[in-house]
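The values are calculated or read from the model by the stated rules, or taken from the named source; none is laboratory data. Here the structure is a predicted model, which means the values were calculated and not measured. Note that each Cβ is placed from the backbone with ideal geometry, even for glycine, and that neighbours are counted across all protein chains shown.
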Amino acid sequence: MKIGFIGLGQMGSGMAASLVKAGHEVTVYNRTRSKVDDLVKTGALAAASVADASGGDAVVTMLANDAAVESVVYGEQGVLARLRKGATHVSSSTISVALAERLAADHGAAGQQFVAAPVFGRPDVAATGELSVIVGGSRAAIASATPILEAIGKKTFVVSEAPKAANLVKLSGNFLIASVIEGLGEAMALVAKDGIDQEQYLEILTSTLFGAPVYRTYGKLIADGKFQPAGFAAPLGAKDIGLVLAAAGDLKVPMPLASLLRDRFLTLLATGGDHLDWSAIGGLAARDAGNRTR
């Protein structure tokens, strides 16, 4: 396939590289040129603009937020204006349910296909092409995007013909991860305050009740106090919890824990944590307890 890829952050770079490895003709665009050059060395083609990346069979966007997606999709030189009829926009960005719904409608009106395909996995997983991909879209649109989905992920979960559903699932998943981080942080602060070794405590947890990778990954980061470099930056975590609350408001679903998480992220950002990994909210409880941190 001829695929355009827009957004070469930590996740996007790995995803684009996986598409190149799979043998696709990949044209990449990013505001920071050095990231484009790195992909060109692996066999990708460089695009000078969003329009240049939008002339193939499909274009994939992997961007930070709603505003970034809107900036590349809309306008005379945007994806919507430049993508040919019948071609597919695969949106892997974690965006609002409302924007996903708007994109689906606008691409449909233009005779184009739209697939929401947000992913679960950190940058190291993206680099190996083993992401878990949550997909929403029509059967025809998903069929056209299948070679892309197979290249970037180890497993694809089709949840609905409505693209916005995939974004809601992704947001709910990030809410649960943040909840685990907060819970781990509080529990580890509690035992550490009484002198119990956090590494041993984490081994007990993950060997008995909580063996899922999310506990191992984030528990280790909290125990080590290793919140940088950021695999997923704290401002992005704050953004996602805000989107969860917006979706909950629209659906009239009370989510008191999400409101607490919003405030935890605000505390982290207000105290200079904007450069840290989002798991740094798990260190707030130790600080609040007056624990000595590493």
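Give me the pairs, please: first residue somewhere in segment 272-288 and of a type in the set (F, W, Y), second residue anywhere and in a helix (DSSP H, G or I), beta-carbon distance under 6 Å, and either six or more positions apart or on two chains. Correct list of pairs: W278/A234; W278/G237.
For segment 85-95, the set of residues classified as small (G, A, S) and crowded, with 24+ Cβ neighbours inside 10 Å consists of S91, S92, S93, listed by residue number. Filtered by the rule that a residue be surrounded by 20 or more Cβ atoms within 10 Å (Cβ to Cβ) and of a type in the set (A, V, I, L, M), segment 255-283 gives A258, L261, L268, L276, A280, I281.
Yes or no, residue by residue, for (1) in contact (Cβ under 8 Å) with a residue 24 or more places away in the chain; (2) surrounded by fewer than 24 Cβ atoms within 10 Å (Cβ to Cβ):
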position: K41; (1), (2): no, yes
position: A46; (1), (2): no, yes
position: G55; (1), (2): yes, yes
position: N65; (1), (2): yes, yes
position: V73; (1), (2): yes, no
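Evaluate segment 38-45: report whether one residue or more is modelled with pLDDT under 95, among the acidic types (D, E) and over 14 Å from the mean Cα position of the chain (by Cα). Checked against the condition, which is being modelled with pLDDT under 95, among the acidic types (D, E) and over 14 Å from the mean Cα position of the chain (by Cα), segment 38-45 yields at least one hit.
Within segment 185-214, residues that are part of a helix (DSSP H, G or I) reach partners that are of a type in the set (K, R) with beta carbons closer than 7 Å, at six or more positions or on different chains, in the pairs L202/K220; T206/R216. In segment 227-254, the residue that is surrounded by the fewest Cβ atoms within 10 Å (Cβ to Cβ) out of those that are out of contact with any strand residue (DSSP E or B) (no Cβ under 8 Å at 6 or more places or on another chain) and outside any helix (DSSP H, G or I) is K252.
Of the residues V115, V158, only one is more than 30 Å from R264 (Cβ to Cβ) and buried (at least 21 other Cβ atoms within 10 Å of the Cβ); which?
Of V115, V158, the one residue that is more than 30 Å from R264 (Cβ to Cβ) and buried (at least 21 other Cβ atoms within 10 Å of the Cβ) is V115.
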